[in-house]
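Inspection log for the structure reproduced underneath, given as structure tokens.
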């Protein structure tokens, strides 16, 4: 299917693609700022058009962007941030991200204005083809490396892949897998409404490869609503095929991902998980092998038996290794079974090689070191006996609302850029996981330290099972509310969401994509990611132009 799609669209798109826009998307959506910044500067100088057209009535671009920068500057003055040199660096770095957002949406707006809708449609299709090719190529490399046709069930290499396989399917952006998943979720809705079956299924397959449970769950109700209200018989059949893809993937290709998603939902809605009494009984000390039982549960006689058993086991392993070393290489796993049959030993799935690594990763050690240095200041991660009753994301919103108690100014306009909940706040902390930052310019606001940073450290300094979207305090809504206040969140709803939603009567694929984006905004600081939002804006600006073109044609007629 993919080969046919590539051949068909390559011939079709030779003279029907805006190669400048395609190049911009492929490069600017790259995760590296070292790529994004030169690209946006080059393309801005190439066209040399800086007529952004911001105004309160009929604004060309969302007025949200300049207004949010104004709030940041007002907070800088109110809270006297200018007296701290390191904060000044953070502030102007954060403003730089907002300016990059403005330049990016300006570029896609120019591309939409200067091309016919059909050319932009073909360019978008070309982008998804390239993205899928990179995603599939990544999967092929993993298959070759693991020698497993389905790495989603491969537990070797200390479970490097297995349930984590989707994390490596990053696509052309080389960003996180959820970025790739979100882009392809947009593609599913976009191609469904445009009745492009081949590209729809390509995007759906790529989305599933990323293994993003959240995006799958966010997309599912949108597909069901489209099935019920906004699709014809042909489109309904495509929705059914997409649902079959999802079921097959969760049931057959990555069943452990299905279990993980179910367990996550249980944790969201149930504080305590009932203990399986049968399983508990099977794991009591009385039912364990003597070598697996703790010494404090053994009698003196049993303790002697344990020592003797461990000694005999070790001697047996040594003798087995000696015998195995004398065998030819082709007979390493061959042994004589009962009845004279020749059999081949299978790998021990319970061996260390098939379990997750017990060693603490380097980046996690850095977080643990920080916790030890600031233990007295961190109310959550510094407390060894603390047990979270809610997912981290819910706790993050509670921390934000708690910030406003007794601080009317912060409730209205927030704590200030980089002072509570944003990517720039984590970047300036100097951990390196949100991007590089000069160590001499590190800045950590106290409100950020004892709230969202403490919360992040509590979950992400633990084993990988806690490293989920539900425990990450990252969220655009949290960022706007905490750092720009209720005014900032209102500006977003009125001058950003409202900028696109006011055309709702004529929008086709844009309206469900808008609802999908509103859900995705719970998962990360997407404006600072400079990837998903740019593509989202391209799709909506294109759909608005299509409607205006149709309206003008009808008026002339």
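The values are calculated or read from the model by the stated rules, or taken from the named source; none is laboratory data. These numbers come from a predicted model, not from an experiment. Backbone-built Cβ (ideal geometry, glycine too); neighbour counts: all protein chains shown.
Give me the pairs, please: first residue somewhere in segment 220-247 and on the phi > 0 side of the Ramachandran plot and touching a residue at least 40 places away in the same chain (Cβ under 8 Å), second residue anywhere and crowded, with 18+ Cβ neighbours inside 10 Å and in a helix (DSSP H, G or I), beta-carbon distance under 6 Å, and either six or more positions apart or on two chains.
Within 6 Å, no pair qualifies.
Take the residues in segment 40-66 that are assigned to a helix (DSSP H, G or I) and surrounded by fewer than 19 Cβ atoms within 10 Å (Cβ to Cβ); name whichever of them is modelled with the lowest pLDDT.
Top of the filtered list is 47.
Identify, from the list 198, 188, 130, the residue that is free of Cβ contacts under 8 Å to residues at least 60 places away in the same chain, under 27 Å from residue 546 (Cα atoms) and either in a helix (DSSP H, G or I) or over 23 Å from the mean Cα position of the chain (by Cα) (or both).
Every option except 188 fails the conditions.
Looking only at residues in segment 395-419 that are under 22 Å from residue 462 (Cα atoms) and in contact (Cβ under 8 Å) with a residue 12 or more places away in the chain, which one is surrounded by the most Cβ atoms within 10 Å (Cβ to Cβ)?
So, considering only residues that are under 22 Å from residue 462 (Cα atoms) and in contact (Cβ under 8 Å) with a residue 12 or more places away in the chain, the one surrounded by the most Cβ atoms within 10 Å (Cβ to Cβ) is 396.
Which ones in segment 467-488 are without any contact (Cβ under 8 Å) to a residue 60 or more places away in the chain and over 24 Å from residue 409 (Cα atoms)?
467
Of all the helices (runs of 4 or more DSSP H) wholly in segment 382-498, which have at least 1 residues that are under 24 Å from residue 73 (Cα atoms)?
Hits in segment 382-498: 392-403, 408-413, 423-428, 476-492.
Considering each of 511, 516, 491 in turn, give the residue that is within 30 Å of residue 58 (Cβ to Cβ), more than 22 Å from the chain's Cα centre (by Cα), crowded, with 16+ Cβ neighbours inside 10 Å and touching a residue at least 60 places away in the same chain (Cβ under 8 Å).
491
Of all the residues that make up segment 7-31, how many are loosely packed, with under 15 Cβ neighbours inside 10 Å and either at pLDDT 95 or above or in contact with a helix residue (DSSP H, G or I) (Cβ under 9 Å, 6 or more places away or on another chain) (or both)?
5
With the requirement that a residue be under 26 Å from residue 134 (Cβ atoms) and either more than 19 Å from the chain's Cα centre (by Cα) or surrounded by fewer than 24 Cβ atoms within 10 Å (Cβ to Cβ) (or both), what does segment 203-236 give you?
Answer for segment 203-236, where residues must be under 26 Å from residue 134 (Cβ atoms) and either more than 19 Å from the chain's Cα centre (by Cα) or surrounded by fewer than 24 Cβ atoms within 10 Å (Cβ to Cβ) (or both): 205, 213, 214, 216, 217, 218, 220, 222, 223.
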